[in-house]
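Report on one structure; see the data block that follows.
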Amino acid sequence: MRHVRFDHCPKLERRCLDKEYDKPNHITICNRFATSKPVCREPRVPLDFCIDEYEYPNHAGAKPPVMVNFFEARDLCAAAHKRLCYEREWVTACEGPDEKPFPYGYARSSKQCNFDNRWVDPHLSRVYSEDAEIQRAELERLDRSVPSGQMPGCVSDYGVHDLTGNVDEWAMADHERPREHAKFSALKGGAWGHVRNACRPVTTSHAPEFRYYFIGFRCCADAAKSSPGD
């Protein structure tokens, strides 16, 4: 695991220099931010935690598992004597001490991280099939993820890999969102498609029971509780 100690800014204001509206996903993507120092609009929060260097199972060269819901991810982290990351922890590990909008810098780049892959229409009846072989074949057809750590440029200044792109990652919400499907959970990082592949954006439109073919997770731990081996 990587140890991170930093005062996190809950509301960071940046200047976007190149905006793009993505009609299929109904989102605005910033392709390039100004390199000037961002402005913090809320009191900073001191953090001291450890985070997995790679997506679960935290092994370089391993394919991150998908079709995992929030509760399953939470339990798998607990079995490893860890926990899911809070949103603010995930963001801090991604931005690094210089609070960059992307883990690798200020301009969105699919050469650094695994995203902007061609979209493939899923057959949802097969994605959620109870027949393991039917589901396996469909997930294999859809998969555009790469083994953890395969793209050496996709690493933050804290040494954490693949935070943006590859697979979407479950995290614990910093605060409850009563009007959202995800009241206490959140999805961070985006996946391998043309989506919100930056450190700050978050998706809260899916309930914690939701599982999908590009959703995975990584684990965190309180710094004082992490094992000597980590």
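Taken together, the values in this text are just the output of simple stated rules run on the coordinates, not laboratory data. What you are looking at is a predicted structure, and each value in this text was computed from that prediction instead of being measured. Cβ placement follows ideal geometry from the backbone for every residue including glycine, while neighbour counts extend to all protein chains displayed.
Some observations on this one:
- Lone cysteines, the chain (no partner Cβ under 4.7 Å): C50
- Pairs of Cα atoms nearer than 8 Å and 6+ residues apart set the relative contact order; for the chain it is 28 percent.
- Inter-centroid distance (Cα atoms) of the stretch 1-41 relative to the stretch 56-93, Å: 23
- Charge dipole magnitude, Cβ of K and R +1, D and E -1 - the chain, Cα centre, debye nearest 20: 700
- If the chain linking E13 and Q150 were pulled fully straight, counting 0.36 nm for each residue of separation and taking away their Cα-Cα distance, it would gain 46.2 nm.
- Computed FRET value (nearest 0.05) for E140 with S110, which takes r as the C-beta separation and R₀ as 22 Å: 0.50
- Going by neighbour counts of Cβ atoms within 10 Å, the residues F217, F184, F49 line up, fewest first, as F184, F49, F217.
- Cα shape, the stretch 1-72, gyration tensor, a/c 1.5 rule: oblate
- Partner lysines for K11 [C-alpha distance under 23 Å; skip if fewer than 8 residues away on the same chain]: K19, K37, K100, K183, K188
- Taken over the Cα atoms of the chain, the convex hull encloses 128 Å³ per residue.
- Theoretical gain in end-to-end length, K183 to A78 [0.36 nm per residue, Cα-Cα removed]: 35.7 nm
- Model label zone, N31; criterion: amide N under 14 Å from point 7 Å along Cα-to-beta-carbon; scope the stretch 99-123: 107-111, 116
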